[in-house]
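To start, the structure under review is shown below, and the notes come after it.
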Amino acid sequence: MIFFIMDHLESVRKAAKIHKKVRKEIREFIKPGVKIYDICTKIEDRIRKYSDKNLNDGIAFPTGISLNHVAAHYTPDKGGDYCLKYDDVCKIDFGVHHNGWIIDSAFTINFDPKWDPLLEASKDAVRNVIKNCGDEVCVSELGEISEEIVKSYEIDGIALKPIDNLYGHSINQWKIHAGKFIPGVKNNLDYRIKSGEFYAVEIFPTTGNGTTKLEGESTHFMLKDNYTPKKFKFKRSKELLNLLNNDFKTLPFCPRFLDYKYNKKYDPCIKELFYSEIITSHPPLVDSINSKVSQFEHTIYVDDSKIINLSESDDY
Ligand code: CO
Ligand code: CO
């Protein structure tokens with residue numbers, strides 16, 4: 001009998017290859033007049049096409065298409081018909097996994113060159129944080145580097161700010177947020193990056209006030225690691241819980257994924273699982289109205305002596 005255990009790096013490299021291929025293919029499709037819902041389904045359909053049969057077909061989390069002052073956690077709902085406009089700053093954050101090993105990587109698209117410095121600030125900060133990352137580096141050093149770089153960029157004579165409550169994060173198998181954070185601002189956290197860890201490095205420069213708040217209906221949900229089984233009011237809540245355990249584990253999901261996979265509506269059951277404290281909910285995070293936020297994000301692996309940027313390609 002042959003035992004074949006693919007190591008973590010090999011798995012995550014498979015996911016990275018798909019991420020790069022998908023974003024390359026959809027790039028030219030993203031222009032003013034295009035429905036953001038169509039961008040989203042194009043990305044997810046392509047991940048399904050290129051991934052081995054895997055949990056949720058290789059999709060690691062709902063595709064984020066967050067516009068302007070919306071910084072994160074927005075995904076267009078079925079039938080959402082918003083079309084991109086020339087002035088929009090559009091952040092596309094999608095994830096691919098192989099055996100639960102996740103690539104979390106994002107980029108921003110603008111059409112009006114006025115917003116170029118906003119994008120450049122994020123790219124520059126992410127690049128430098130990664131460059132300064134390594135075994136035993138303290139996350140407070142990295143926050144300071146990020147803040148200094150972002151504040152050196154300006155639009156209309158006003159300096160940009162990094163958002164202070166959205167963080168880069170460690171990643172583990174099936175866990176998009178594995179417990180350690182890399183803030184994009186000065187901070188007093190005293191823990192260190194360790195070799196053998198995976199991180200998503202992401203920095204959000206903004207023209208707004210620099211702090212996000214939760215706003216609007218949540219489309220992102222996630223099964224908890226530990227929960228107490230409950231007696232449900234709706235019979236199908238138990239059915240949904242079984243499906244989540246089998247097909248998603250602790251990867252984030254949205255109602256659209258359930259429609260696609262099971263061709264059934266589970267909306268009341270999602271609510272019941274949430275109120276039973278079995279799943280968590282993650283509503284959109286927004287900065288001040290009329291502001292613009294950008295985001296670039298890479299997934300890295302901390303090797304003994306170097307950093308491997310897994311999601312880097314010739315586009316970003
Ligand atoms: Co992301
Ligand atoms: Co992330």
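The values are calculated or read from the model by the stated rules, or taken from the named source; none is laboratory data. What you see is a predicted model, and the numbers here were worked out from it, not measured in a lab. Every residue, glycine among them, receives a Cβ derived from its backbone with ideal geometry; neighbour counts consider all protein chains shown.
Filter region 79-102 down to residues that are in contact with a Ser or Thr (Cβ under 9 Å, 6 or more places away or on another chain) and assigned to a loop (DSSP other than H, G, I, E, B) and give me whichever is farthest from ILE163 (Cα to Cα).
For region 79-102, the residue satisfying everything is ASN99.
I'd like to know if region 80-88 contains one or more residues that are touching an Asp or Glu at 6+ places or on another chain (Cβ under 7 Å), modelled with pLDDT of 95 or more and within 16 Å of ligand 2 (Cβ to nearest atom).
Taking region 80-88 and keeping what is touching an Asp or Glu at 6+ places or on another chain (Cβ under 7 Å), we get 86-87.
After this cut, where a residue has to be modelled with pLDDT of 95 or more as well, the list is 86-87.
Then drop every residue that is not within 16 Å of ligand 2 (Cβ to nearest atom), which leaves none.
No: zero hits.
Within region 283-300, can you find the residues that are within 16 Å of ligand 1 (Cβ to nearest atom) and hydroxyl-bearing (Ser, Thr, Tyr)?
Scanning region 283-300 gives SER294, THR299.
Which members of region 193-208 meet the condition of being out of contact with any Phe, Trp or Tyr (no Cβ under 6 Å at 6 or more places or on another chain), away from ligand 1 (no atom under 12 Å from the Cβ) and assigned to a strand (DSSP E or B)?
PRO205, THR206
Residues in region 263-283: is at least one within 30 Å of GLU148 (Cα to Cα) and at pLDDT 95 or above? Show your work before the answer.
Within region 263-283, the subset within 30 Å of GLU148 (Cα to Cα) is 282-283.
Imposing the further condition that a residue be at pLDDT 95 or above reduces the set to 282-283.
Yes; the residues of region 263-283 include at least one that is within 30 Å of GLU148 (Cα to Cα) and at pLDDT 95 or above.
Look through region 108-125, keep the residues that are part of a strand (DSSP E or B) and either more than 16 Å from ligand 1 (Cβ to nearest atom) or in contact with a Lys or Arg (Cβ under 7 Å, 6 or more places away or on another chain) (or both), and return whichever of them is nearest to ILE18 (Cα to Cα).
Among those that are part of a strand (DSSP E or B) and either more than 16 Å from ligand 1 (Cβ to nearest atom) or in contact with a Lys or Arg (Cβ under 7 Å, 6 or more places away or on another chain) (or both), it is THR108.
Only one of (1) touching a Cys at 6+ places or on another chain (Cβ under 9 Å); (2) under 28 Å from HIS69 (Cα atoms); (3) away from ligand 2 (no atom under 16 Å from the Cβ) fails for ILE300. Which number is that?
Exception for ILE300: condition (3).
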